[in-house]
Amino acid sequence: MFILFDIGGTKMRVVAADYEKLLGEPVVVSTPKDFDSGIDTLKRIIDNIAGGLTDQGRAVTAIVGGIAGPLDERKTMLVKSPNLSGWVGRDIKNALHTTYNVPVVLENDSALVGLGEAHFGAGRGKSIVAYITVSTGVGGVRIVDGKIDETSIGFEPGHQIIDPDNTLCPTCEGNDLEAYVSGTSIEKRFGLKPYEIHDDVIWDELAKFLAYGLNNTIVHWSPDVVVIGGSMMKEVGIPIDAVRKYLAEILKIFPKLPLIEKAELGDFGGLYGSLAYARTHY
């Protein structure tokens, strides 16, 4: 039995799984900003889940999960995170391994969501999948033949510069893709939660900004499909048809666009990615 987790900038999700599927509904709580509170919360949830399944004769064989931000070379801790600064530099992997004495795998959360979409969602059946999440922040991953592509440090497509001097958006606090389209940046810019914005002109402009970033991602990664997920792509959010339209206008170097699809796994993509990883390694 596996324990799978997904620690995002806003929510933490935890579930048990066997080789084939998630076992029951994931537990979802707000992510504590302080590491000690956060790791205690995670352990408490794991204990509750594992305790019930141990009574059924099932034992935990591995713990696999993701967290929002780039990791150190050994993938034991965050090295930077705008939304989880209290977790940076704290050994998450060892904290779990010491308690449970089973293999523990820590990955970037967006990388695992992309892996989940490649195996179970909108990217299944494709050799090269580019996954971009537009949520509290912006992240992403390149999946090749069902595996997270190799990197030296990690993937951070949200931090590609799309407007060096803020000509396109003078009120944006920063010049990278995340500063233009993330939920955090939108709330700062407009003084409203993204779901409170019902102005189609604003959403269309955000679709164009996202298309600029996707253009760069496509020419660098050359994917069969680009899967876009995250809270900013929901019903009140960036319209994917507008993203496709602007990409068709912008991207001219290739004879055709790759498929541009919305993610299918919703809030649990990271858990499905953790399952995909776990069942190929344990």
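The values are calculated or read from the model by the stated rules, or taken from the named source; none is laboratory data. Remember, it's a predicted structure, so these values are computed and weren't measured experimentally. Cβ placement follows ideal geometry from the backbone for every residue including glycine, while neighbour counts extend to all protein chains displayed.
Descriptive notes on the structure:
- Filter result for residue 79 (under 17 Å from residue 2 (Cα atoms) and either surrounded by fewer than 18 Cβ atoms within 10 Å (Cβ to Cβ) or in contact with a His (Cβ under 6 Å, 6 or more places away or on another chain) (or both)): no
- Selection within region 229-241 - closer than 21 Å to residue 199 by Cβ, in contact (Cβ under 8 Å) with a residue 40 or more places away in the chain and either outside any loop (DSSP other than H, G, I, E, B) or touching a Leu at 6+ places or on another chain (Cβ under 7 Å) (or both): 231, 232, 233, 238
- The criterion of being in contact (Cβ under 8 Å) with a residue 60 or more places away in the chain, assigned to a strand (DSSP E or B), in contact with an Asp or Glu (Cβ under 9 Å, 6 or more places away or on another chain) and not aromatic (Phe, Trp, Tyr) does not hold for residue 105.
- Inspection of region 129-142 identifies no residue that is part of a loop (DSSP other than H, G, I, E, B), of a type outside the set (S, T, N, Q) and farther than 30 Å from residue 189 by Cβ.
- Of everything in region 235-257 that is touching a Phe, Trp or Tyr at 6+ places or on another chain (Cβ under 8 Å) and within 24 Å of residue 267 (Cα to Cα), the residue that is surrounded by the most Cβ atoms within 10 Å (Cβ to Cβ) is 238.
- All positions within region 242-258 that are free of Cβ contacts under 8 Å to residues at least 40 places away in the same chain and within 18 Å of residue 128 (Cα to Cα): 254, 255, 256, 257
- Filter result for the condition that a residue is at pLDDT 95 or above and not in a loop (DSSP other than H, G, I, E, B), over 111, 179, 122: 179
- Verdict on residue 79 being more than 20 Å from residue 277 (Cβ to Cβ), of a type in the set (A, V, I, L, M, F, W, C), modelled with pLDDT of 90 or more and out of contact with any Pro (no Cβ under 7 Å at 6 or more places or on another chain): no
Rundown of residues vs (1) among the polar types (S, T, N, Q); (2) touching a Cys at 6+ places or on another chain (Cβ under 6 Å); (3) more than 15 Å from residue 270 (Cβ to Cβ), yes/no style:
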residue: 10; (1), (2), (3): yes, no, no
residue: 48; (1), (2), (3): yes, no, yes
residue: 61; (1), (2), (3): yes, no, yes
residue: 87; (1), (2), (3): no, no, yes
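- Among the residues making up region 123-141, those that are within 22 Å of residue 238 (Cα to Cα) and over 11 Å from the mean Cα position of the chain (by Cα) are 123, 129, 130.
- Selected residue (only one of 214, 271, 275 is touching a residue at least 60 places away in the same chain (Cβ under 8 Å), crowded, with 21+ Cβ neighbours inside 10 Å, farther than 30 Å from residue 1 by Cβ and within 17 Å of the chain's Cα centre (by Cα)): 214
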